[in-house]
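What follows is a set of notes on a single structure, which appears directly below.
Since every read-out is calculated from the coordinates, none of them should be taken as a lab result. Not measured: the values here are computed from a predicted model. Here the Cβ positions follow ideal geometry from the backbone for every residue, glycine too, while neighbour counts run over all protein chains shown.
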């Protein structure tokens, strides 16, 4: 879920509620908040609390909500995760500890980090294995944590060769790998489903296009899933390669879901030509986002 701001850069909580209503109406199985695509890195701690309570209260149990609680500190991440659980989160998503381009934690520290978070909560942890962390997480290491750390059960794999990593992790981890998922705007979704992925966490602009692909695949209708993926791939590609985290809000503004699609400074707005290309690509598919408002 994107975080919605007004033109002054303040939180737009009414827009936020409309955003989540749209995402549920469009078929989302669940919502993930405060993620990197939510611009979590430009939010203050007080704003995180406001967004968590506002969103969970407005969702009111309609779908599960995953709260991203990433922080370098084991103690702070554990405390964030505990507050998220108390507020009603169904799961927390956590990247391995990193800071800047060079400050990393060795494997033993990463293991203890996730164990500390797990000890503080009773809900599942999704490990986000993303290039942004710059932290190698091998498939054997992920499988080991799934087997040995009680609440580590879900994995969002969005590094290069994600399908190969998913396949190896599932083979090594067995039943301890409850939720092998892909991400990265579903740019490798079909290969990842073939490797055993059971879900995907994408941007929030067109769940009505993405969910049927997963539903068809998991129901054994692979040819229908392939056809659906081929149909939506131009938009998936445009979001992944041209727009990034700005795509969902641009689509939502165009369709009257939200009033303002501005990111928070210092993230720069989308170039008008890029926006035009995104909308041209989207209009050919008639996604719900462009008519929900």
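Over the Cα atoms of the chain, each weighted equally, I'd like the Debye log10 I(q)/I(0) at q = 0.08, 0.11 Å⁻¹, rounded to two decimals. Once normalised to I(0) and log-transformed, intensities are -0.32, -0.62. Across the alpha-carbon atoms of region 138-225, the computed radius of gyration and Dmax are 12.9, 38 angstrom.
Kirkwood radius, region 1-153, all distinct C-alpha pairs, inverse of mean reciprocal distance: 16.0 Å. Derived value for region 60-132: Kirkwood hydrodynamic radius 12.5 Å. Basis is the mean of 1/r over every pair of different alpha-carbon atoms. The label-point distance for residue 29 and residue 41, in a model that sets each label 7 Å from Cα toward Cβ, rounds to 2.9 nm. A crude spin-label estimate for the pair residue 147 and residue 75, with each label 7 Å from Cα along the Cβ direction, gives 3.3 nm.
Against the compact-protein benchmark of 2.2 N^0.38 Å, the Cα-based radius of gyration of region 1-71 scales to 1.02.
Taking Cα pairs under 8 Å and at least six residues apart, what relative contact order does the chain come out at, in percent? Answer for the chain is 18 percent.
Give me the number: length gained by fully extending residue 223 to residue 160, i.e. 0.36 nm times residue separation minus the C-alpha to C-alpha distance, one decimal in nm.
20.2 nm
Each helix, a run of at least 4 DSSP H residues, gives -39500 (n - 2.57); summed and divided by the residues of the chain, these come to -14000 deg cm²/dmol at 222 nm. Take 186-192, 47-53 and order them by the average number of nearby Cβ atoms within 10 Å per residue, most first; the result is 186-192, 47-53. Per-residue Cβ neighbour counts within 10 Å put 18, 241 in the sequence 241, 18, beginning with the fewest. Cα centroid distance between region 215-293 and region 143-178, in Å? Cα centroid of region 215-293 versus Cα centroid of region 143-178: 28 Å apart. Remark: 260, 77 ranked as 260, 77, counting other beta-carbon atoms within 10 Å and listing the fewest first.
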